[in-house]
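Student: This is the structure, below, for whatever I ask next.
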Amino acid sequence: MKEITWVNPLIGTTDYVESQEDEIIRDVASRLLWKYNDRILDVLNLGYGNVRNVGINMLTIKLYYITQGRKVPISLRNTIGEIAQDTDKIYWIPEPIGGSISSKIKSGTELFKTHLKYIVEINGSEWKYIDKKRPEKGIYVSSKWRDGVVRVSKILFNAEYPDVPPTIQVTPRPKDPCFDSEGFLHFAQRREKTTHLVWDRYKSHLNPLIYLIDELYDKYGIDLFFDLKV
């Protein structure tokens, strides 16, 4: 495990995040983006009038560290272990995106909404939209886990969906090393290729969220996660 200090000069936050060395920088940055999404949108909306209407899923994240007074860019594709060799402090700044990237994110958003709609409307499903007026924000469910604790599980949009998995947050935080201090799930990675997530097995399916939910059910025994055999 490596502890990295994440500083956001835009909203004045500092987070001390412990991560596995093979975790991708993008995954940690995405969790922080969701953690502070309201504050980020409020600040950016002062300079970009359409950000509030577009939402957090239309933002990208620029990262850098400082050495000898010089800013050094960090790729979202780097691992924590790679960056930890150079620095223990990362600066991250969310910015609106546009052009062809914007079009790709929009198509990913529509696909995510389609996948969520199926899960919400399936017979017996207890999943609900976080915001019915903005279904792309994600869905949530309240359920009892095997340890007897009732938790709220959220599936949140990730800007590179479906190439990367959605963001999953659970509160209260499960006592499992796969979840960080904020209850965000760190997705397992294949040891032979740390840049490829287990998500690769599902993302080409008609609705990969079903397979993701089913795997979480098998591992954590979340009662309201439905089984594929049903």
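Student: Return the pair list, or none, for Cβ contacts closer than 6 Å from residues in the range 60-71 that are touching a residue at least 40 places away in the same chain (Cβ under 8 Å) to residues that are of a type outside the set (Val, Ile, Thr), at least 6 apart or on different chains.
Tutor: Partner pairs satisfying both residue conditions: THR60/GLU95.
Student: For the range 178-218, how many residues are surrounded by 13 or more Cβ atoms within 10 Å (Cβ to Cβ) and modelled with pLDDT under 70?
Tutor: Looking only at that region, the number is 7.
Student: Let me ask another. For residues in the range 163-175 being surrounded by fewer than 20 Cβ atoms within 10 Å (Cβ to Cβ) and not β-branched (Val, Ile, Thr), which is modelled with the highest pLDDT?
Tutor: Ranking the candidates gives PRO172 first.
Student: How do the pairs read when you match residues in the range 156-181 that are more than 19 Å from PRO208 (Cα to Cα) with residues anywhere that are part of a loop (DSSP other than H, G, I, E, B), using Cβ under 6 Å and keeping only pairs 6 or more apart or on different chains?
Tutor: Listed by first residue and then by second, the contacts come to VAL170/GLY183; THR171/GLY183; ARG173/GLY183; CYS178/HIS186; PHE179/ARG173.
The values are calculated or read from the model by the stated rules, or taken from the named source; none is laboratory data. Just so we're clear, the structure is a prediction, and the values are computed from it rather than from any experiment. Every residue, glycine as well, gets a Cβ built from its backbone with ideal geometry; the counts of neighbours run over all protein chains shown.
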